[in-house]
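Written out below as C-alpha cells is the structure these notes cover.
The values are calculated or read from the model by the stated rules, or taken from the named source; none is laboratory data. It should be emphasised that the depicted structure is a prediction, and the values quoted were computed from it without experimental measurement. Neighbour counts are summed over all protein chains in view; Cβ atoms, including those assigned to glycine, are modelled from backbone coordinates with ideal geometry. Note: accessible area is taken over every heavy atom of the protein model, side chains too, but ligands, DNA and RNA are not part of it. Shrake-Rupley method; radii C 1.70, N 1.55, O 1.52, S 1.80 Å.
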Amino acid sequence: MTTTPQADQLIATRVHKGANPTESAQFLNELATTHTGDNLASALEYQGFASAESAERAAHALEIERIDNHVTAVAALLPFPVEVEAEMGGLFTLQILLGTRTPDTAPDRAGINPHVLRATWWIETADGEISEDSGIPATADPALIAYWLTQRANALGCPAAAHSPEPLSA
C-alpha cells in the first residue's frame, strides 16, 4: 500500500501508542476513503491518529496528498502530453493542464475539487467557458478517469488532445 508523508506521520503517531503498523495503514486508508473534511478530522482524532489540536490540519494535508497522487497517476495514463501544476487560487491541489487555446488565456484543465461533500473529477475549458463534472468519484480507477478525460478532451477540442496519437480504448 502506497502512503504519503502525512499518512506516514499519522500511522507513526498511532503506532507510538501501541497500534500495529500494517493494521494502522489499512485503517487509515479506509478512513481517508470514507470520510472527508471535518468528519475525517474527527475520525483521525477518535482513532488515535492525531490529537485534537492537529486533527483538522492533518485531515486537510492527507486529503491534498491523496488527491495529488491520484491526479499524477491519471496524468501519466493520458495518451497526449500534459502538465501537472498546483492550482494556487484556492484548492491547492494538483490539476492537469490540457493546453492553452490562445495566448494570454488560461489553459483548459481537469482535476478534483476536494472541498465538496462527494468529490468528483471535472474538466474545464479556458476561463471556465465550459465546465463539466464527470460524476466519477475522485478515488476511481485512474485508467477509468484517463479514459473519460481523453474522450472529453477530444470532444471539447482541448489543445493537448490534438497531439493524441490514438484514443484510449475502454
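Scanning the stretch 43-71 for residues that are open to solvent by 70 Å² or more (accessible area, probe 1.4 Å) and of a type in the set (Ser, Thr, Tyr) gives a single hit, Tyr46.
Scanning the stretch 108-131 finds no residues that are open to solvent by 70 Å² or more (accessible area, probe 1.4 Å), among the basic types (Lys, Arg) and under 20 Å from Ala162 (Cα atoms). Are any of the residues in the stretch 73-80 assigned to a helix (DSSP H, G or I), open to solvent by 60 Å² or more (accessible area, probe 1.4 Å) and either over 17 Å from Ala7 (Cα atoms) or of a type outside the set (D, E, K, R) (or both)? Looking for residues that are assigned to a helix (DSSP H, G or I), open to solvent by 60 Å² or more (accessible area, probe 1.4 Å) and either over 17 Å from Ala7 (Cα atoms) or of a type outside the set (D, E, K, R) (or both), one finds at least one in the stretch 73-80, hence yes.
For the residues Gln95, Gln151, the requirement of being modelled with pLDDT of 90 or more and within 29 Å of Leu62 (Cα to Cα) singles out Gln95. Within the stretch 93-110, the only residue that satisfies the criterion of being within 14 Å of Ser131 (Cβ to Cβ), among the hydrophobic types (A, V, I, L, M, F, W, C) and under 13 Å from the mean Cα position of the chain (by Cα) is Ala110.
Do you know which of the residues in the stretch 132-166 that are assigned to a helix (DSSP H, G or I) and among the β-branched types (Val, Ile, Thr) is surrounded by the fewest Cβ atoms within 10 Å (Cβ to Cβ)? So the residue we want is Thr150.
Within the stretch 1-24, track down each residue that is aliphatic (A, V, I, L, M) and surrounded by 20 or more Cβ atoms within 10 Å (Cβ to Cβ). Once the filter is applied, which keeps residues that are aliphatic (A, V, I, L, M) and surrounded by 20 or more Cβ atoms within 10 Å (Cβ to Cβ), the stretch 1-24 yields Ala7, Leu10, Ile11. Checked against (1) open to solvent by 10 Å² or more (accessible area, probe 1.4 Å); (2) in contact (Cβ under 8 Å) with a residue 40 or more places away in the chain; (3) not in a loop (DSSP other than H, G, I, E, B), Arg101 passes all but condition (3). Within the stretch 23-35, residues that are over 13 Å from Ala59 (Cα atoms) have Cβ atoms under 7 Å from residues that are outside any helix (DSSP H, G or I) and open to solvent by less than 60 Å² (accessible area, probe 1.4 Å) in these pairs: Ala25/Thr3; Phe27/Gln47, counting only partners at least 6 apart in sequence or on another chain.
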